[in-house]
Structures are given as structure tokens and as C-alpha cells.
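Have a look at the structure below, then the notes.
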Amino acid sequence: MVKKECIAMLLAGGQGNRLGSLTRKIAKPAVSFGGKYRIIDFSLSNCTNSDIDIVGVLTQYKPFLLNSYIGMGSDWDLDCSQGGGVHILPPYVGEKGGNWYKGTASAIYQNMDFIDFYNPEYVLIISGDHIYKMNYDSMLSFHKQKKADVTISCIKVPLEEASRFGIISVDEEYKILKFREKPPNPDSDLASMGIYIFNWSVLKKALIEDETNRESDNDFGKNVLPMLLEQNKRMYVYGFQGYWKDVGTIESYYQANMDLLSNNPKLNIFDRNFPIFSNNDILPPHYIGSMAKITNCIISNGCTILGEVTNSIIHSGVFVGKDTKIEDSIILPHAKILNGSRLQKVIVNEGAYIDAYCSLDIRNSGNLLEESIEVIDSYCGGADSGCDVERDVNQNSIA
């Protein structure tokens, strides 16, 4: 048995249905972000930068792309051959049968043998669908200093958005007094980031108790954390001051990308002291044509830009044709936008094809879609390439 002080369990199994067509074929943590990354890169890189070298990745929903992307973990310095390792942990069948992960706590419960193998003092629970940079070692030091059983990383959010989160009330020593998951009328602006450090002995006992409760949803926020609070466990909050974004909706995903283009972005992806690692395709350099015009953009490898692009993020392998104008948009890997098209405030999915002379300028259309964010799933075009497609208002997408 290999003794580790702390290991990480990364929850990456959710469908993320609020991201619509972006997660129709892949899990949310596998969605591309920021020009060259996928969302899960941030959590994996945080582990590496925090010297946590054992990471269990719990997958369930359409895991093929995510599993192949992570591979052996060597791109994040989490290669098994170096003594640590990233381990993909899907649901499995044992001698008593098997179950899908019923909730976040259920996923950890079903992998207690994996955690026991490393016999850790502490277990870090994180999610693969948040954008942030955080040194977990600082949080662990706080956890030890407080002699806590559980520490929850928190951030202040606007009170009008607080009902989306687990909301916490604390005393002057940051000890948790109250925890409510997504309360309709929140009385605090202190929100859980879904990052927990548990003493393994406390967590293991709690998971077994929760699993035997037939009325439980087997969820940390709904069940396990309130149960431990009722049992008077020593629970504290760790205040996080940096950038953190839950990219669970089209709007938050779009905004987190656009935040990278601000004059002084709060999330610094160029910091060499805290790099964000990724598993990149091998592609040639990007090419900018002689008539192209680019302003305030992120342009990735393998792109060919022949038109005008403003305030946008262009992922790897994208083609932008002549006389095309793109503004305030996110173009995901290997999409093609042919000559003369107009795109404004849209997200173009991976590999999507935009025919010539399409116009997707919703802010000038005067319809109900004003100020909304369009997602183009796979194809946009028509008989004369005037984009005579029907917009799906509810799904924010064009198939």
C-alpha cells in the first residue's frame, strides 16, 4: 500500500444539460474553453500546481472524448510512471452487482476501495466543470490549522445569484453555522465552490451512513454536508479571493470566455508560475491572410484567418473565409466559416460548418433573441446561403 497525505477525487460525470448542444456528444468537463483548453484542464492543473499527484477522475456521461483526452495524464505531469497518476474511475460491476453514480456522494462511495488503497489522511473533492486557478495546498494548510473535519472553499457572489449555490453562514472564526443547498431565499452571499477537504476517516463513515439512507439523494450539498453539520463536526470555510466561474450555463460559459479578453483579466492564463496545462493537437502555426483584420482576439494553432475578427476567441484548426466578419463570438475547434458570413455574439460548436454569406447578427434583428447568445451546433446554411434556418429559442441553438 502506498501512503499519501492527500489525494484528489475529481467529479467529471455530469451531463451538463444546461449547456445544450455543447454537451450533446461530450461531457461538460470536455467542452473546449479559452482557445486551447478544455474545462477540466483547470482542475487537473490546479492539482499539479498544488503537488497533489494522485487524482481519481469519476466519469459517467459520454466519457469517450474525456477519457482519450486525459490519456495517461502525462500532459499534466500526472503520469502513473512518475509515482503519482490520474486514474479514470467509471461505474463498475462488483460481486453484488453494479450501479450508476446516483449523486456526487454515491460516486465517491463506490470508489472507497480506490481511496483506501492510498490510505490518505485527507481527501480533496473537486469538480471538473469550473474555471479557476487555486493552490489546494493553501486550503489544506488552513484545514490543518483549524483542526477541521471538513473545510469548504467559498466565494462571495451577488445575493441575487445566491440561490444557484450552496449557501453558508459562519461565525467570526469561519466555523460553519448553517449550510443550505440552493435556498430559494438565501440569507448569505457566501457560496460553496464545490471544493471540499475531508478527513478521510470522517468522510468514509459519512458516505456509508448516507448510502444506507434510502431517502438520501446521495449528494454532498443536499445530504452529506448538512448531515455532518447536524453531527457537530468541525466544519470551516476557506475564503477564496481569486477568479472562479461555474460555467454550467450558456451565459456563464460565454462570459467566462469573454473575461479572458478584458483589459485586465482576473484569470491570468499567461502566468508561468501557475501554468494551465492541456493536451493539444499537433497543428501548424496559425495563418493570418493579407486582407485579414484582427482586434482583441485569442487565435490558436492551426487557424486560417482571411476575414475580420473582433473581440472573439478562435480555437484551434478554425477556418475563417474572405470578407467574413466575426464579432463577440467563440469559435470552437475545427469549425469552418465560409466567405462573406456575418457572426455576432454566437458560439460555433466543434467542427460546425457555416456556409457562405450567412448572417447571424441577432442584436440587429429586432426579435426576441436580442441580447441572447446563439449556439450553432453543426451546420448553418441554405439554398442561397442566406442561412434560412429556424432558430430554436428555448435551446439557444441551431442544429
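The values are calculated or read from the model by the stated rules, or taken from the named source; none is laboratory data. Quick caveat: nothing in here was measured; it's all calculated off a predicted structure. Every residue, glycine among them, receives a Cβ derived from its backbone with ideal geometry; neighbour counts consider all protein chains shown. Calculation scope for accessible area: heavy atoms of the full protein, side chains included, ligands and nucleic acids excluded. Shrake-Rupley method; radii C 1.70, N 1.55, O 1.52, S 1.80 Å.
Of note:
Yes/no per residue for (1) more than 17 Å from V57 (Cβ to Cβ); (2) surrounded by 21 or more Cβ atoms within 10 Å (Cβ to Cβ); (3) touching a residue at least 24 places away in the same chain (Cβ under 8 Å); (4) in contact with a helix residue (DSSP H, G or I) (Cβ under 6 Å, 6 or more places away or on another chain):
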| residue | (1), (2), (3), (4) |
| --- | --- |
| T104 | no, yes, yes, yes |
| A107 | no, yes, yes, no |
| S141 | yes, no, no, no |
| P158 | yes, no, yes, no |
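- Here L306 meets each of (1) closer than 19 Å to V31 by Cβ; (2) open to solvent by 10 Å² or more (accessible area, probe 1.4 Å) with one exception, condition (1).
- Within the range 315-337, residues that are within 12 Å of Y353 (Cβ to Cβ) have Cβ atoms under 8 Å from residues that are modelled with pLDDT under 95 and hydroxyl-bearing (S, T, Y) in these pairs: G321/S341; A335/Y353; K336/Y353, counting only partners at least 6 apart in sequence or on another chain.
- Beta carbons closer than 8 Å, at least 6 apart along the sequence or on distinct chains, pair a first residue in the range 346-359 that is at pLDDT 90 or above with a second that is among the basic types (K, R) for A352/K336; Y353/K336; I354/K336.
- Qualifying positions in the range 337-354 - open to solvent by 10 Å² or more (accessible area, probe 1.4 Å), touching a Gly at 6+ places or on another chain (Cβ under 8 Å) and not in a loop (DSSP other than H, G, I, E, B): Y353
- Residue in the range 14-21 that is touching a strand residue (DSSP E or B) at 6+ places or on another chain (Cβ under 7 Å), on the phi < 0 side of the Ramachandran plot and of a type in the set (A, V, I, L, M, F, W, C) present: no
- Restricting the range 31-78 to residues that are in contact with a helix residue (DSSP H, G or I) (Cβ under 7 Å, 6 or more places away or on another chain), in contact (Cβ under 8 Å) with a residue 24 or more places away in the chain and surrounded by fewer than 19 Cβ atoms within 10 Å (Cβ to Cβ), the residue that is nearest to V2 (Cα to Cα): D51
- Listed by first and then second residue, the pairs with beta-carbon distance under 8 Å, at least 6 apart or on different chains, first residue in the range 276-287 and open to solvent by 70 Å² or more (accessible area, probe 1.4 Å), second of a type in the set (S, T, Y), are N280/S316; D281/S316; H286/S300; H286/T304; Y287/T304.
- Residue list for the range 314-332, restricted to those being open to solvent by less than 10 Å² (accessible area, probe 1.4 Å) and either touching an Asp or Glu at 6+ places or on another chain (Cβ under 9 Å) or of a type in the set (S, T, Y) (or both): H315, V320, T324, I326, S329, L332
- Unmet requirement for V86, which otherwise passes all of (1) surrounded by fewer than 21 Cβ atoms within 10 Å (Cβ to Cβ); (2) without any contact (Cβ under 8 Å) to a residue 60 or more places away in the chain: (1)
- When N296, N311 are screened for being open to solvent by 70 Å² or more (accessible area, probe 1.4 Å), touching a Leu at 6+ places or on another chain (Cβ under 8 Å) and on the phi > 0 side of the Ramachandran plot, only N296 passes.
- Test for Y118: is it modelled with pLDDT under 95, hydroxyl-bearing (S, T, Y) and touching a helix residue (DSSP H, G or I) at 6+ places or on another chain (Cβ under 8 Å): no
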